[in-house]
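The values are calculated or read from the model by the stated rules, or taken from the named source; none is laboratory data. All of these numbers come straight from a predicted model, not from anything done at the bench. All Cβ positions, glycine included, derive from the backbone under ideal geometry; neighbour counts span all protein chains shown. The area values use the complete protein model at the heavy-atom level, side chains included, leaving out ligands, DNA and RNA. Shrake-Rupley method; radii C 1.70, N 1.55, O 1.52, S 1.80 Å.
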2 protein chains.
Amino acid sequence: MLIEIDLESDLPIYSQLVNQIIEGIATGHLKPGEGLPSVRTLAADLGINLHTVNKAYQILKQKGFVLIHRQKGVVIQPQGIAKADAYFIEGIKETVKPLVAESICRDISEEEFITYCRELFSYFHKQKGGFSNE
Amino acid sequence: MLIEIDLESDLPIYSQLVNQIIEGIATGHLKPGEGLPSVRTLAADLGINLHTVNKAYQILKQKGFVLIHRQKGVVIQPQGIAKADAYFIEGIKETVKPLVAESICRDISEEEFITYCRELFSYFHKQKGGFSNE
DNA sequence: CTATATGTTATAGTATATATATAACAGATA
DNA sequence: TATCTGTTATATATATACTATAACATATAG
């Protein structure tokens, strides 16, 4: 899977890595059991430090997206990702709340906002669906 | 308007201030032309430093939510807030994208996600509407 | 056995962000 | 004149982000 980082972004590099790998799982580009590059390989490919990659992998492990075998390497959680709990839902609301507030101030309607959300769901489902034999 | 900050939060204090003031405008608790406490007053009330409040005010000014008169103080933008531009929309999508990705991985349906968004819109509109003579 | 690959740990250094503390300044107003 | 604005300037402390090296434990390939 292609990973690109933006050194100008205000998002830390390790966060960009975490996001892109989760997005890869969401689209189906990364499948359960699939291996990820070693910390050294990915770091070299991206021109960043091994510890930055390792930090991203540790966060993904803590979130339950990957398993880390000390020698085999890092693989996408083969058992599937743990379903959302109340804590995760709360985090979503907390993050979206200021966006909704500013949207209201700037005259973005509820329906317009929801259109953007639906577009994002469509984006991720484009590749994942399509085949019934999975 | 009541402002509360959480020193344990991973969000910087100045960001919490910015968010809560924008949310105050969204709910209608803060009205155009209304004055905000001076940087010293608010800092003292919250038990934080004057520069932290000032940073929040500067961000709100840059975003177009307040006017700052060097002597009069800080007031909610009397002309109303500038409508959303393409840049703002892009920012919304960028912020929501990783949330949608993780939601898909965690089996949160598009409709469930949208329900949470609608709940937030309802929350902000509760106080704002209600009266037709505004 | 040896070499190589894994993730892991340790140490150090640099740069930036966050928040604080103090002091002083410019200008309007009471 | 005293007091209230926001503003600017310094300095300090702490945490975060990122890098640079080195070394370690362990599984596997040759």
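One table, with the values for the structure above:
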read-out	value
Under 13 Å, Cβ to Cβ, from B:THR95 - net charge with Lys/Arg +1 and Asp/Glu -1	-3
Heavy-atom SASA rank of A:VAL53, A:VAL39 (probe 1.4 Å, accessible area, largest first)	A:VAL39, A:VAL53
Stretchable slack from B:THR95 to B:ALA82, in nm (0.36 nm times residue separation minus alpha-carbon distance)	2.6 nm
Cβ-vector label at 7 Å, A:LYS31, separations to other copies in nm	6.1
Chain B: relative contact order in percent, alpha carbon pairs under 8 Å with at least 6 residues between	25
Local electrostatic count, A:LEU2, Cβ distance below 14 Å [Lys/Arg +1, Asp/Glu -1]	-4
Three-way shape call for segment B:86-128 based on the alpha-carbon gyration tensor, with the a/c threshold at 1.5	oblate
Distances in nm from B:GLY80 to the matching label points in the other copies, shortest first (labels 7 Å along Cα to Cβ)	4.9
Accessible area, probe 1.4 Å, largest first, for residues B:SER38, A:SER103, A:SER9	B:SER38, A:SER9, A:SER103
Where chain B is the region considered: accessible area per residue in Å², 1.4 Å probe	58
Candidate lysines for bridging to B:LYS83, where Cα separation is under 29 Å - those fewer than 8 sequence places away on the same chain excluded	A:LYS93, A:LYS97, B:LYS31, B:LYS55, B:LYS61, B:LYS63, B:LYS72, B:LYS93, B:LYS97, B:LYS126, B:LYS128
Separation in nanometres of the label points that stand 7 Å from Cα toward Cβ, at B:GLN62 and B:ASP107	4.3
Copy-to-copy label separations for B:MET1, where each label sits 7 Å from Cα toward Cβ, in nm and ascending	3.9
Helix A:13-27 vs. chain A, principal-axis angle (Cα, 0 to 90°, nearest 10)	80
Solvent exposure ordering (accessible area, 1.4 Å, most first) of B:LYS55, A:LYS72	A:LYS72, B:LYS55
CD proxy at 222 nm, helix term only [per DSSP H run n ≥ 4: -39500 (n - 2.57); per residue of chain B; nearest 500]	-18500 deg cm²/dmol
Fluctuation leader among A:ILE25, A:ILE76, A:ILE114 - chain A, Gaussian network, Cα springs under 10 angstrom	A:ILE114
Spin-label model distance (nm) - A:HIS51 vs B:ASN49, 7 Å beyond Cα toward Cβ	2.6
Rounded if a/c under 1.5, otherwise prolate or oblate - segment A:30-94, Cα gyration tensor axes	oblate
GNM result for chain B, Cα springs below 10 Å: residue of B:ILE48, B:ILE21, B:ILE104 fluctuating most strongly	B:ILE104
Segment A:58-134 shape via C-alpha gyration tensor axes, a/c threshold 1.5	oblate
